[in-house]
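J.: This is the structure, below, for whatever I ask next.
Nothing in this text is a laboratory measurement; each read-out follows from the coordinates by a stated rule. All values derive from a computational prediction rather than experimental measurement. All Cβ positions, glycine included, derive from the backbone under ideal geometry; neighbour counts span all protein chains shown.
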Amino acid sequence: MKVGILGGGQLARMIALAGYPLGIRFIFLDPSVGACATTLGDHLHGDYHNETLLAELAKRADVVTYEFENVPANVAEFLAAHTSVYPAPNALAVAQDRLVEKDFLNEIGIPTALYQAVDSLSNLQQAMQRIGYPAILKTRTQGYDGKGQSVLRSASDLHSSWQKLDGLPAIVEGFVAFSREVSIIAVRSVSGELAFYPLSENVHREGILRVSESCENDSMQAKAEDYVTKLLTSLNYVGVIALELFEVNDELIANEFAPRVHNSGHWTIEGAETSQFENHLRAILDLPLGSTKSVGKTAMVNFIGGKPESERVLAIENTHLHLYGKASRKGRKVAHATVRAANHDTLEPLKKKLIALANEVDDS
Ligand code: AMP
């Protein structure tokens, strides 16, 4: 069985690492020569628009998936005409545009912050009368890790924030005064089998995920499962999905969803009975899903910009290190570590040690 993956970064790499014990082999399409997953399978080296390479990928893979959502819609459709592609291109189309995504979430009964599409400075000034301050101005497409976003605190921020967008289509959203950010990682197989991981509680800084922690028996679990089920079934979705949510006054408000395995689910490698990566493969190959139960309490810490010495990370009790094989570069996720303990109290001091190491190398 061979799985084709668009993209050869760390997510593709962790999918491949999960697939090897199941006898699955991989072929990656990625434009960069040293893409970090490509030591684990065949590498089609070239552009995502190259139809010769896409046709070869479709021919050599039994099923194709991807590790990022900004796959051009025509590429996903080209592939889908030649082979099975999971998740299907419709999920990509919704997730790629923040306006389409928010419209869709509201249509299916998942609340979001107030938002409005804006296409000029005067349009933005007008929208702010309805949205109110503070707010966030974001590009509608191609944004990730907080890129292309600015916080609007007062009318004096509008001009400079608008200039920064450089004419790209945008959306303005009310700033949510959340008490917590959580995400739910869920999975649906070709046969429609569903499974949900315990919530992840996430800490972002400058729009980039820093720390995720598993939350067993969380009071928001049922609500999050209800929302993500609506999303999975209305998209007829196959594979792992991540729905990012803000908690406000015992309610959940959706921020966005990612139609793929997600950084806030990396803790599942050591912290759940079956990782998100293995379950993604099981789902798209229509194998029975594995248990999503957590094993103790787990925290995941991202190393951004650089990585600490392995010896120092591994000296922390119950810690596992994942180096992505990527060169260090400002703001780049190059590794993560997971630490597991029996409960919150025993986890906390170990997590703090890991965060201190992450802060030493963090250049973002
Ligand atoms: P995004 O790129 O939309 O996932 O945003 C990255 C991070 O910015 C989120 O995880 C939040 O920490 C913050 N953020 C984004 N949108 C909002 C919002 N409307 N209100 C408050 N914080 C936000």
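J.: Using alpha carbons only, what's the Rg to Rh ratio of segment 180-361 with Rh from Kirkwood? It would help to have the intermediate numbers written out before the result.
T.: Working: Rg = 16.1 Å, Rh = 16.6 Å.
Here Rg/Rh amounts to 0.97.
J.: Quick check: net charge around Pro308, other residues with Cβ under 12 Å of its Cβ, Lys/Arg +1 and Asp/Glu -1?
T.: Values: positive: Lys307, Arg312, Lys353; negative: Glu309, Glu311, Glu360, Asp362.
Local net charge: -1.
J.: OK, next. How high is the relative contact order of segment 113-160, in percent, with contacts defined as C-alpha pairs under 8 Å that are six or more residues apart? It would help to have the intermediate numbers written out before the result.
T.: Details: 36 pairs, mean separation 16.9, N = 48.
The normalised contact order for segment 113-160 reaches 35 percent.
J.: Please order Phe246, Phe68 by the number of other Cβ within 10 Å, starting at the fewest. Before the final figure, lay out the partial values.
T.: Values: Phe246 19, Phe68 16.
Going from least to most buried by this count: Phe68, Phe246.
J.: Given a Förster radius of 35 Å and the C-beta distance between Lys352 and Gln163 as r, what FRET efficiency does 1/(1 + (r/R0)^6) yield to the nearest 0.05?
T.: On the way: r = 40 Å, r/R0 = 1.16.
The calculated FRET efficiency here is 0.30.
J.: Considering the chain as a Gaussian network with a 10 Å cut-off on Cα pairs, which listed residue, Glu251, Glu278, Glu216, attains the greatest mean-square fluctuation?
T.: Maximum among the listed residues: Glu251.
J.: In segment 2-85, if every C-alpha pair distance is counted and binned at 5 Å from zero, what percent goes to each bin?
T.: Result returned by the calculation: 3, 17, 31, 28, 16, 5, 1.
J.: Find out how many positive minus negative residues lie around Leu57, taking Lys and Arg as positive, Asp and Glu as negative, among other residues whose Cβ is under 15 Å from that of Leu57. Kindly include the intermediate steps, with their values, before the conclusion.
T.: Numbers: positive: Lys2, Arg25, Lys59, Arg60; negative: Asp30, Asp42, Asp47, Glu51, Glu56, Asp62, Glu67, Glu77.
Surrounding charge for Leu57 is -4.
J.: Between Asp47 and Ala222, what is the label-point separation in nm under the 7 Å Cα-to-beta-carbon projection?
T.: It is 5.3 nm.
J.: Still on this structure, I have one more. Output wanted: per-residue J couplings in Hz (rounded whole) for segment 121-131, from phi through Karplus 6.51 cos²θ - 1.76 cosθ + 1.60, θ = phi - 60°, x for Gly and Pro.
T.: Per-residue couplings from phi come out as 5, 5, 4, 5, 4, 5, 4, 5, 5, 8, 6 Hz.
J.: What is the chain's relative contact order, in percent, from Cα pairs under 8 angstrom and six or more apart in sequence? Don't skip to the end; give the middle numbers.
T.: On the way: 808 pairs, mean separation 48.7, N = 364.
Reported relative contact order: 13 percent.
J.: Follow-up question, since we're still on this one. Could you let me know the centre-to-centre spacing of segment 12-30 and segment 211-240, using Cα atoms, in angstrom?
T.: Cα centroid of segment 12-30 versus Cα centroid of segment 211-240: 25 Å apart.
J.: Follow-up question, since we're still on this one. List every residue whose amide H lies under 5 Å from the amide H of Lys293, counting only residues 5 or more places away in sequence or on a different chain, with H placed 1.01 Å from N in the peptide plane.
T.: Glu273, Thr274
J.: Could you list, in their original order, any pairs among Lys59/Lys330; Lys330/Lys353; Lys230/Lys307 whose Cα atoms are separated by more than 28 Å? Before the final figure, lay out each step's value.
T.: On the way: Lys59/Lys330 37 Å; Lys330/Lys353 22 Å; Lys230/Lys307 39 Å.
Lys59/Lys330; Lys230/Lys307, as the Cα separations exceed 28 Å there.
J.: Continuing with this model, one more query. Which of Gln126, Gln221, Gln149 moves most in a GNM of the chain, Cα contacts under 10 Å?
T.: Ranking Gln126, Gln221, Gln149 by mean-square fluctuation puts Gln126 first.
J.: In a GNM of the chain with a 10 Å cut-off on Cα contacts, which of Val151, Val187, Val211 has the highest mean-square fluctuation?
T.: Result: Val151 has the largest fluctuation of those listed.
J.: In addition: Can you list the residues, at least 5 places off or on another chain, whose amide H is less than 5 Å from the amide H of Phe26, using H built in the peptide plane?
T.: Val3, Asp42
J.: Give the residue list of trypsin sites (Lys or Arg not before Pro) in segment 289-348 that are DSSP loop and have at most 14 other beta-carbon atoms within 10 angstrom.
T.: Values: sites: Lys293, Lys297, Arg312, Lys326, Arg329, Lys330, Arg332, Lys333, Arg340; in loops: Lys293, Lys326, Arg329, Lys330, Arg332.
Those satisfying the criteria are Lys293, Arg329, Lys330.
J.: I would also like to ask the following. To the nearest 20 debye, what charge dipole does the chain have about its Cα centre, counting +1 at the Cβ of each Lys and Arg and -1 at the Cβ of each Asp and Glu?
T.: On the way: 34 positive and 44 negative charges, 125 e Å.
The dipole magnitude comes to about 600 debye.
J.: Still on this structure, I have one more. Beta carbons within 10 angstrom, averaged per residue: use that to sort the peptides 173-186, 2-15, highest first.
T.: Details: 173-186: 19.9, 2-15: 24.8.
Packing proxy ranking, top to bottom: 2-15, 173-186.
J.: So, one more: Which Cα, out of Gln10, Leu99, Gly325, lies furthest along the positive dipole direction of the chain (beta carbon charges, K/R +1, D/E -1)?
T.: Selected residue: Gly325.
J.: Here's another thing I want to ask about it. Which FRET efficiency value, to the nearest 0.05, is calculated for Asp286 and His344 with the Förster distance at 45 angstrom and r the Cβ-Cβ distance?
T.: Details: r = 37 Å, r/R0 = 0.82.
E(calc), rounded to 0.05, equals 0.75.
J.: Once segment 114-174 is represented by equal point scatterers at the alpha-carbon sites, with solvent omitted, what log10 I(q)/I(0) does the Debye formula produce at q = 0.13, 0.21, 0.26 Å⁻¹?
T.: Those come out to -0.25, -0.70, -1.12, one per q.
J.: Name the residue from His280, Ala315, Ser200 whose Cα lies farthest towards the positive end of the charge dipole of segment 180-361, charges +1 on Cβ of Lys and Arg and -1 on Cβ of Asp and Glu.
T.: Comparing the listed Cα positions along the dipole, Ala315 ranks first.
J.: Then there's this: What value does the chain have for Rg/Rh, both radii from Cα atoms and Rh as Kirkwood defines it?
T.: Working: Rg = 20.1 Å, Rh = 21.1 Å.
Dividing the radius of gyration by the Kirkwood radius yields 0.95.
J.: Filter the GluC sites (Glu not before Pro) in segment 279-364 to those in DSSP coil with at most 12 other Cβ atoms within 10 Å of their Cβ, and list the result.
T.: Listed in order of number, the matching sites are Glu309, Glu317.
J.: Restricting to DSSP H runs of at least four residues, report the calculated mean residue ellipticity at 222 nm for the chain, -39500 (n - 2.57) per run over all residues, nearest 500 deg cm²/dmol.
T.: Calculated mean residue ellipticity at 222 nm is -9000 deg cm²/dmol.
J.: Ok, one more. Karplus couplings for segment 182-194 from phi (6.51 cos²θ - 1.76 cosθ + 1.60, θ = phi - 60°), rounded to Hz, Gly and Pro as x?
T.: Each residue's phi maps through the Karplus curve to give 10, 9, 10, 9, 10, 8, 9, 8, 3, 6, x, 5, 10 Hz.
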